[in-house]
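Enquirer: Quick one: the structure is below, questions incoming.
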Amino acid sequence: MTQPSLYVFPEYFELHPLSEEDVPGVLDGSDAGTGERFMVVDTRAHRSCYLANPVIKSYLELFRQPRAEAAALEELARQAACSPEAIATTVRAFFLRMRRAGLLRSEGADLREEPNQALTPGQVLGEYRVGELIVEKADVALHHARQLGTGMPVVLKVFVLQGPRADRERELFAREFSLMAGLAPHENICRLLSFHPGEPCYAALEYAGGKPIRHGTAEATLSLPERVRIGAEALTALAHLHRHGVLHGDVHSRNFMLTDERRVKLIDFGLSRRSGDAVEASSVPHGGLPAFMPPERIEPGKLSISSRPGDMRSEVFQLGVLLHDILTGREPFAEKVLWRRLAQAIRSQPAPRAVWTPEGERIPAALADVVECALAKAPEERFPSAMELLEAWRAAWPRTARPVRAKERACL
């Protein structure tokens, strides 16, 4: 049996409370948060190298004794009184950042499984000049870049994993772009520009904008017609996939981007597969954010995420969550709660009806009915695919209806 990889927070790192005069050398404001903060100090050079909040501090201290990532995840879930699945994505992303920062080290031969370093800004890769890093994951790094000569902005998705798992993960990486290359082009789907299977292995993708759809709809005051248009474009992208027998595999608000012109682009086909293909259903990992998980993929007794793959009706449910969020500014089920409470709500509680936009415009009943149907608990009660959902969405939008403003709300 293969032993799990063990990691350790080296003894030459010390954690000290942060004083006002301390200026850490490497900061990550998104992790630092507010309240009490700590410095991670490298005693070999006696310099600060990371800024940590109490959550980061407690996580790192788990690794004072070598342990596997899975064991750390179980312990953190126990402390948070939730299931490991509820925090797995966040914890594993953080775990990767700590490894890249050198704060967690592999033991022994496991060092060969550390990911490669991301590309260097300014480096020329093929016909592209590499820009700043967007995000690092366990197996890939995404960079801004520009095409030489034209200056066209693109995104480079680079395979970075090494070690025993690399061959299998690289096959999945190449498969993502093979599937994208076989799709007919669509204005609401991120376009594959090129794929390079050599070293480094990477794909060049159309730049789809810097804001996920949720951020874009939350940061601006949008009219109801604009929210309906954005929802229609998201549905059009999925309908295009379903029409060609393809499941996206990871439908949620972070995978729909808004361009600078506020057009929708669907991204990230790493978990996509052909509908009805049993081989792909068993070999391609099944994704999904907890708040977008359809009820049929939640085990009723354990309230854990099922290993059973979703289908087009499952993605219709996920689109229903997205549409509710676009219209109302809120996801239909409880946000920022423990997984058990969220899972129970998804399985047993009816989704709240979409009634008002954040700006105080009343949502037409016909649109709310479409969202409600998409969010039906039983898959057979939903639209069969995104194509039928799109048709219903278009039919339900009464363009001549007068919106009800916030001032009128108290009178109703």
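The values are calculated or read from the model by the stated rules, or taken from the named source; none is laboratory data. These figures come from a predicted structure and were not determined experimentally. Backbone-built Cβ (ideal geometry, glycine too); neighbour counts: all protein chains shown.
Enquirer: Check the stretch 342-363 and report whether any residue there is part of a loop (DSSP other than H, G, I, E, B), free of Cβ contacts under 8 Å to residues at least 60 places away in the same chain and among the polar types (S, T, N, Q).
Expert: Looking for residues that are part of a loop (DSSP other than H, G, I, E, B), free of Cβ contacts under 8 Å to residues at least 60 places away in the same chain and among the polar types (S, T, N, Q), one finds at least one in the stretch 342-363, hence yes.
Enquirer: Still on this structure, I have one more. Could you please find all residues in the stretch 36-61 being closer than 27 Å to L289 by Cβ, surrounded by fewer than 18 Cβ atoms within 10 Å (Cβ to Cβ) and either among the small types (G, A, S) or at pLDDT 85 or above (or both)?
Expert: Passing the criteria: only S58.
Enquirer: Which one is surrounded by the fewest Cβ atoms within 10 Å (Cβ to Cβ), of the residues in the stretch 105-141 that are at pLDDT 85 or above and outside any strand (DSSP E or B)?
Expert: Ranking the candidates gives G122 first.
Enquirer: For the stretch 273-308, how many residues meet the condition of being touching a residue at least 60 places away in the same chain (Cβ under 8 Å) and under 14 Å from the mean Cα position of the chain (by Cα)?
Expert: 2
Enquirer: Within the stretch 154-186, restricting attention to residues that are over 19 Å from K265 (Cβ atoms) and of a type in the set (A, V, I, L, M), which residue is farthest from the chain's Cα centre (by Cα)?
Expert: Top of the filtered list is A166.
Enquirer: For the stretch 67-75, check the following and say yes or no: at least one residue is within 23 Å of M293 (Cβ to Cβ), touching a residue at least 12 places away in the same chain (Cβ under 8 Å), not assigned by TED's automatic domain parsing to the domain that holds P285 and not in a helix (DSSP H, G or I).
Expert: Checked against the condition, which is being within 23 Å of M293 (Cβ to Cβ), touching a residue at least 12 places away in the same chain (Cβ under 8 Å), not assigned by TED's automatic domain parsing to the domain that holds P285 and not in a helix (DSSP H, G or I), the stretch 67-75 yields no hits at all.
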